[in-house]
1. Per DSSP H run of at least 4 residues, take -39500 (n - 2.57); add these up for the chain, divide by its residues and hand me the 222 nm value, nearest 500 deg cm²/dmol.
2. So what's the net charge close to Ala285: Lys and Arg +1, Asp and Glu -1, counting the other residues with Cβ under 12 Å from its Cβ?
3. Can you give the FRET efficiency to the nearest 0.05 for Arg229 and Ser99, using r as the Cβ-Cβ distance and R₀ = 41 Å?
4. Along the charge dipole of region 222-306, pointing to its positive end and built from +1/-1 on Cβ of Lys, Arg, Asp and Glu, which listed residue (Gly298, Leu278, Trp261) has its Cα farthest out?
5. Taking all pairs of different Cα atoms in region 222-306, averaging 1/r and flipping that mean, what Kirkwood radius in angstroms comes out?
6. Could you tell me how far the Cα centroid of region 221-237 sits from the Cα centroid of region 285-321, in Å?
7. What are the residues whose amide H is under 5 Å from the amide H of Ile141, where those residues sit 5 or more places off or on another chain and H is modelled from the backbone?
8. By the scheme Lys and Arg +1, Asp and Glu -1, what is the net charge of all other residues having a beta-carbon under 12 Å from that of Leu310?
Amino acid sequence: MGLRAPGFWGRPAGLRAHALSPFAMIYGAVAAARQGKRAPRAALPTIAIGGLTLGGDGKTPTALALGRLLLRMGERPAFLTRGYGRVPPHSAAVEADLSRHGIADVGDEALILAATAPTIVGVDRQVAAGLAVTLGATALILDDGFHSRRLEPDLAILVVDESYGAGSGYCPPAGPLRAPLRAQFARADVTLFIDAPGSTAPSLEIPVSLAERWRARLVPDPDAAAHFRGARVLAFAGVGRPEKFELSLQEIGALVVACRWFPDHHLYRPGELKFLALQAKRLDARLVTTEKDAVRLGPGHAMETLPVSLNFNDEEQVAGRLSAALSEARKKRRG
């Protein structure tokens with residue numbers, strides 16, 4: 001399904017990145033032009049979330065955290081997602097139903113989002129937004145909608161993982177940026193920095209004019225943390241930056257004796273799972289993965305997971321900004 005990012009993408013630009021920079025400039029020019037396109041507005045206030053790089057910044061945990069906060073505020077949010085991994089990818093928009101849908105129907109991220117709030121899966125964001133209206137939603141959260149330009153957001157949030165930053169600072173194939181830094185920051189109403197204590201990531205050159213900054217941190221579930229503390233574990237994952245999962249396990253006191261990483265959105269074959277189980281047995285270790293990977297294992301493959309959630313450092317600040325954005329969006333739509 002997905003691909004693993006080259007290791008040099010996450011380091012300060014070196015020979016390989018510089019050699020590929022002419023191609024990166026072409027990619028960046030196209031991406032920047034796309035960022036400048038106008039898009040239609042949905043009938044409902046719309047919050048778009050995007051990651052600074054091509055994967056692993058924390059978009060889905062951010063979407064979930066915002067959804068839960070909006071629910072506490074009395075709103076009825078609906079998530080909109082393309083449904084990566086859906087077969088076929090251009091199927092009609094549908095509400096993800098945990099009782100009958102699987103990966104092939106709606107993709108892995110939709111199954112995670114749908115446990116929190118109604119989730120509409122579809123490539124056509126306008127059609128998906130219309131379906132959300134019929135379900136009684138009062139606000140839309142576009143998971144990975146910052147760069148798509150299919151709907152105009154009322155609040156555009158750019159997520160930055162401080163453990164990775166901008167990587168080499170280039171767009172593909174020389175680096176991980178989804179668009180040039182200047183173009184991305186120019187589109188963002190808010191930039192959310194996910195804390196990474198002790199990070200050695202290359203520093204970001206952030207425009208002084210950047211309007212608003214939020215901070216958050218990923219927090220392991222306390223019961224799961226106690227469950228794994230002191231345990232020998234074999235960690236495996238197919239996510240954007242699996243090294244973050246290993247670090248989370250180490251931070252809660254688990255003894256990570258081995259790691260097996262797969263491409264992002266990887267669909268596990270029975271033989272792979274059997275091999276992992278044999279390795280864990282040989283190492284006298286418990287097999288543990290992420291919640292996102294667990295939904296891709298299929299029936300009959302229960303696996304231990306380490307759930308994590310995103311906590312805002314200043315939730316009042318975030319709630320206040322959301323309330324103001326929704327209020328302003330509704331005024332615009334009333335004309």
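Read-outs: derived from the displayed coordinates by stated rules, not from any lab. This structure is a prediction, so every number in the text was calculated from the model and none was measured. Reconstructed Cβ throughout: ideal geometry from the backbone, glycine too, with neighbour counts over all protein chains shown.
1. Details: 11 runs with 116 residues, N = 335.
Mean residue ellipticity, 222 nm, calculated: -10500 deg cm²/dmol.
2. +3
3. Working: r = 35 Å, r/R0 = 0.84.
Efficiency, rounded to the nearest 0.05: 0.75.
4. Comparing the listed Cα positions along the dipole, Leu278 ranks first.
5. On the way: mean 1/r = 0.0783 Å⁻¹.
Here the Kirkwood hydrodynamic radius works out to 12.8 Å.
6. Using only Cα atoms, the two centres lie 13 Å from each other.
7. Ile47, Ala78, Phe79, Leu80
8. Details: positive: Lys59, Arg68, Arg215, Arg217; negative: Asp57, Asp161, Asp195, Glu315.
Taking every Cβ under 12 Å from that of Leu310, the sum is 0.
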